[in-house]
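S.K.: Encoded as structure tokens, here's the structure I'll be asking about.
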Amino acid sequence: MAVLTAKPPVRRSLPEGAARRAVGRNLTAYGFLCGALICFAFFSWYPMIREIILSFQSTNFVDPAKWVGFDNFRTVFADSAFRSAWLNTAAFSGLALVVGYVVPFVLAVVLNELRHAKAYLRFVVYLPVMLPPAVGVLLFKWFYDPGAGLFNQILDGFGLPPLSWLDSTSTALISLVIVSTWMNLGTGTLIYLAALQSIPGELYESAELDGAGLFRRVWHVTVPQTKLILLVMMLLQIVATMQVFIEPYLLTGGGPENATVTVAYLMYQYAFNFGDFGGGGALGLMLMVVLMVFSAIYLRVSRDNQS
């Protein structure tokens, strides 16, 4: 009786030329990937690791560093500006959500409803993003000038008294929020506009047939269809606004009376004004932990949408 034996699978090798091309393509891809990894390693991962180490050291980058445990954190906690910095950062993020989160969405809805000059208006809205941040901030420094500033001239034209925009504790923080909103308005608007244009037109037509006006169409069609992008943009804006630095640095210097000092600005002061790099590292580590929480929420939301 014959015994049947299974034949081993035949391994077919690629022709030499095809194998060489495949290896070349893979090497090219890995080459581009290595470039990105090197950039991340030097400009993202290494600074993060160095900051964690610095937060537990006392160093001036001249003498050998000394490990001091949690002394840097105790010093930062005892600083009277520490509490103000966190409260101002939270207030800035909250005001930025009220102003800078709603305004781009409203602008996107208006642009989506227009029939003419869409391309021109998109360019105008995105123009502030193309300006260097320092240029935009210094432009608003003239707008806020208590003497010949543009905003006070407008108030004078309406017969209203001038305001000390950056010199008053009641208006300084909201003035920084206005600057930040204006500089970042275009990015959010275009993202929302892209999301709006992906909504099927049949939904709006059905709403119009039911007699829905613009507000009802936005509330019952636009908002439900874009709720994911709204949530993602909210989380990204919180992460971005909690790192605010250039506005208080160039406009107010943290004043008046620490009304605009933020965590990032206080971190800069510790490191470069006071020479306490350990204290600056401790503040940076605390801010990094807070941002990691919101980043984890963002990743969870993105993963749930993809699954």
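The values are calculated or read from the model by the stated rules, or taken from the named source; none is laboratory data. Since the structure is predicted, the reported quantities are computational estimates derived from the model, not experimental observations. Cβ atoms come from the backbone with ideal geometry, glycine included; neighbour counts cover every protein chain shown. The accessibility values were calculated without ligands, DNA or RNA, using every heavy atom of the protein model including side chains. Shrake-Rupley method; radii C 1.70, N 1.55, O 1.52, S 1.80 Å.
S.K.: Identify, please: which residue in the range 85-130 is touching a helix residue (DSSP H, G or I) at 6+ places or on another chain (Cβ under 7 Å) and hydroxyl-bearing (Ser, Thr, Tyr) and is, among those, surrounded by the fewest Cβ atoms within 10 Å (Cβ to Cβ)?
M.R.: Looking at the filtered set, the residue picked out is Tyr126.
S.K.: With (1) over 23 Å from the mean Cα position of the chain (by Cα); (2) more than 19 Å from Phe245 (Cα to Cα); (3) among the hydrophobic types (A, V, I, L, M, F, W, C) as the list, and Leu127 as the residue in question, which single condition is left unmet?
M.R.: It is condition (1) that Leu127 fails.
S.K.: On to the next question. For the range 228-261, name all the residues that are more than 20 Å from Val103 (Cβ to Cβ), within 19 Å of the chain's Cα centre (by Cα) and open to solvent by less than 30 Å² (accessible area, probe 1.4 Å).
M.R.: Pro248, Thr260, Val261
S.K.: For the range 125-236, list the helices (runs of 4 or more DSSP H) that sit wholly inside it and hold at least 2 residues that are under 24 Å from Pro256 (Cα atoms); which are they?
M.R.: Numbers: elements: 133-143, 150-157, 172-197, 201-209, 214-217.
Passing ranges, in order: 133-143, 150-157, 172-197.
S.K.: While we're looking at this one, here's another question. Counting only residues that are within 24 Å of the chain's Cα centre (by Cα) and hydrophobic (A, V, I, L, M, F, W, C), which one in the range 134-162 is most open to solvent (accessible area, probe 1.4 Å)? Step through it out loud before you land on a result.
M.R.: Within the range 134-162, the first condition is being within 24 Å of the chain's Cα centre (by Cα), and the residues that meet it are 134-141.
Narrowing further to those that are hydrophobic (A, V, I, L, M, F, W, C): 134-135, 137-140.
On the way: Ala134: 43, Val135: 74, Val137: 0, Leu138: 93, Leu139: 67, Phe140: 10 Å².
My answer is Leu138.
S.K.: Go through Leu193, Leu209, Leu214 for me and flag whichever is touching a residue at least 40 places away in the same chain (Cβ under 8 Å) and open to solvent by 40 Å² or more (accessible area, probe 1.4 Å).
M.R.: It is Leu214.
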